[in-house]
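Trainee: Attaching a single structure in structure tokens format; questions to follow.
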Amino acid sequence: MRIEEDLKLGFKDVLIRPKRSTLKSRSQVELNRQFTFKHSGIAWSGVPIIAANMDTVGTFSMAEALAGFDILTAVHKHYSVDEWRLFIQRVPEQVLQHVMVSTGTSDADFDKLKAVLALSPTLNFICIDVANGYSEHFVAFLQRAREAFPNKTICAGNVVTGEMVEELILSGADIVKVGIGPGSVCTTRVKTGVGYPQLSAVIECADAAHGLGGQIVSDGGCSVPGDVAKAFGGGADFVMLGGMLAAHDECEGHIIEENGEQFMLFYGMSSESAMKRHVGGVAEYRAAEGKTVKLPLRGPVDATARDILGGLRSACTYVGAERLKELTKRTTFIRVAEQENRVFNR
Ligand code: 5GP
């Protein structure tokens, strides 16, 4: 047994220190980023935020709505090939350019991924998602996908440490998904005691990825737009959001009514709710590592997207970053023992 003594930080442990700025208005801030991905060689530009591949958030409707903001959606893996076909026929190419096709790591998943990608050459992103990105089986699947799809941009995870980020990039990942345990409906830390504070994971993993010419996505743990700014400030190239995009009209969650008020159920992909919906229940050998929450309906996602992008632009102006790309360089985090004033939130 060993103990690492240096303190690891989450978003709640820091604030971004303001800096002298020549920017006159937040409208001057450029949120689009350009990347040329290491393995696929694809040049991409857009707002590097991704709707999470959870079945109530990473929906076709979400992809349509967020493409208008140049934001990506990792479409969840539970749509059938036929549903994909209809979606692809229905939407313009511009929407497909903002879609990641999610997959698990079974042979059946591989066949389905192949079938979906064959439907349109515009589908350029693959998102290989497992709860534990440290498994050999996962790395083998990633290598297989890289061989089969040399020209697709592959995002794979989740991991939280530099050495595993390097292994995934060397095994074919363009973007490594970083985050174990920070999610809004995740109970991994409670059920297993395993995890890593998200900001430190991002800082350490970004360093490892950038050293090899790869990218990372900070996945999970953002609860307000300021957290998104902190993730980018810490070095994340992309930020993935689940809870912040939940319960909107574009989400395909179950709606319930209580005392005349409507709520949408939002749950982790390893929760009992998800396992019941997709595989008929929780297998005997495992525990659910996600929970289910009931959220008031929030209307169209447009207002939320604007709020997030507005917060990000404002964060950039506070530190004098003309473009999102510069935010990391201009970020100094201060460790704090307070965040917002919650006197009216009680
Ligand atoms: P959020 O933005 O809601 O804080 O985090 C979203 C992320 O939580 C997802 O992208 C995914 O990585 C993670 N997640 C989703 N469902 C579960 C779950 O059931 N268990 C765990 N451990 N993580 C989950």
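The values are calculated or read from the model by the stated rules, or taken from the named source; none is laboratory data. None of the values given here were measured: they were computed from a predicted structure. Glycine also receives a Cβ, built like all others from the backbone with ideal geometry; neighbour counts cover every protein chain displayed. Keep in mind that these areas ignore ligands, DNA and RNA; they rest on the heavy atoms of the full protein, side chains included. Shrake-Rupley method; radii C 1.70, N 1.55, O 1.52, S 1.80 Å.
Trainee: What's the number of the condition I88 fails, among (1) at pLDDT 95 or above; (2) within 22 Å of the chain's Cα centre (by Cα)?
Mentor: The one condition I88 does not meet is (2).
Trainee: Now, a different point. Output the residues belonging to segment 29-55 that are assigned to a strand (DSSP E or B) and within 16 Å of the ligand (Cβ to nearest atom).
Mentor: Residues satisfying the conditions are P48, I49, I50, A51.
Trainee: If G46 satisfies every condition in (1) farther than 16 Å from V301 by Cα; (2) touching a His at 6+ places or on another chain (Cβ under 9 Å); (3) open to solvent by 10 Å² or more (accessible area, probe 1.4 Å); (4) not hydrophobic (A, V, I, L, M, F, W, C) but one, which is the exception?
Mentor: Only one criterion in (1) farther than 16 Å from V301 by Cα; (2) touching a His at 6+ places or on another chain (Cβ under 9 Å); (3) open to solvent by 10 Å² or more (accessible area, probe 1.4 Å); (4) not hydrophobic (A, V, I, L, M, F, W, C) is unmet by G46, namely (3).
Trainee: From the list S171, S218, exactly one residue is within 16 Å of the ligand (Cβ to nearest atom) and among the polar types (S, T, N, Q). Which is it?
Mentor: S218
Trainee: Follow-up. What number of residues within segment 311-346 satisfy the criterion of being assigned to a helix (DSSP H, G or I) and surrounded by 15 or more Cβ atoms within 10 Å (Cβ to Cβ)?
Mentor: Adding up the residues that qualify gives 14.
Trainee: Something else: Which of the numbered conditions does G193 fail, given that it passes all the others? Conditions: (1) within 20 Å of the chain's Cα centre (by Cα); (2) on the phi > 0 side of the Ramachandran plot.
Mentor: Going through the list (1) within 20 Å of the chain's Cα centre (by Cα); (2) on the phi > 0 side of the Ramachandran plot, G193 breaks only (1).
Trainee: Let me ask another. Take the residues in segment 227-253 that are more than 14 Å from the ligand (Cβ to nearest atom) and at pLDDT 95 or above, then tell me which one is farthest from the chain's Cα centre (by Cα).
Mentor: D249
Trainee: Does G179 satisfy being in contact with a strand residue (DSSP E or B) (Cβ under 6 Å, 6 or more places away or on another chain) and at positive phi?
Mentor: It is true that G179 is in contact with a strand residue (DSSP E or B) (Cβ under 6 Å, 6 or more places away or on another chain) and at positive phi.
Trainee: Quick test for you: out of L15, L72, L23, pick the one residue that is open to solvent by less than 80 Å² (accessible area, probe 1.4 Å), more than 19 Å from V217 (Cα to Cα) and assigned to a strand (DSSP E or B).
Mentor: Result: L15 is the single residue among L15, L72, L23 that is open to solvent by less than 80 Å² (accessible area, probe 1.4 Å), more than 19 Å from V217 (Cα to Cα) and assigned to a strand (DSSP E or B).
Trainee: What number of residues within segment 198-219 are open to solvent by 10 Å² or more (accessible area, probe 1.4 Å) and within 12 Å of K38 (Cα to Cα)?
Mentor: Going through segment 198-219 one residue at a time, the tally reaches 5.
Trainee: A further question follows. Which pairs do you get when a residue that is closer than 14 Å to H78 by Cα, found in segment 260-287, comes within reach of a residue that is exposed (fewer than 13 other Cβ atoms within 10 Å of the Cβ), reach meaning Cβ atoms under 7 angstrom, with the pair 6+ apart or on two chains?
Mentor: Close Cβ pairs (under 7 Å, with a partner that is exposed (fewer than 13 other Cβ atoms within 10 Å of the Cβ)) amount to M275/G281.
Trainee: Exactly one of (1) farther than 30 Å from L297 by Cα; (2) hydrophobic (A, V, I, L, M, F, W, C); (3) within 13 Å of the ligand (Cβ to nearest atom) is unmet by A209. Its number?
Mentor: It fails just one condition, (3).
Trainee: Do we have any residue at all in segment 183-197 that's hydroxyl-bearing (S, T, Y) and either open to solvent by less than 10 Å² (accessible area, probe 1.4 Å) or within 17 Å of M240 (Cα to Cα) (or both)?
Mentor: Checked against the condition, which is being hydroxyl-bearing (S, T, Y) and either open to solvent by less than 10 Å² (accessible area, probe 1.4 Å) or within 17 Å of M240 (Cα to Cα) (or both), segment 183-197 yields at least one hit.
Trainee: Looking at (1) farther than 21 Å from S45 by Cα; (2) of a type in the set (D, E, K, R); (3) open to solvent by less than 80 Å² (accessible area, probe 1.4 Å), which is the only condition D82 fails?
Mentor: (3)
Trainee: Sticking with this one: Residue by residue through segment 113-127, note down the ones that are under 22 Å from the mean Cα position of the chain (by Cα) and without any contact (Cβ under 8 Å) to a residue 40 or more places away in the chain.
Mentor: L113, V116, L117, T122, L123, I126
Trainee: Taking the residues in segment 266-283 that are closer than 20 Å to R189 by Cα and away from the ligand (no atom under 11 Å from the Cβ) as candidates, determine which candidate is modelled with the highest pLDDT.
Mentor: A283
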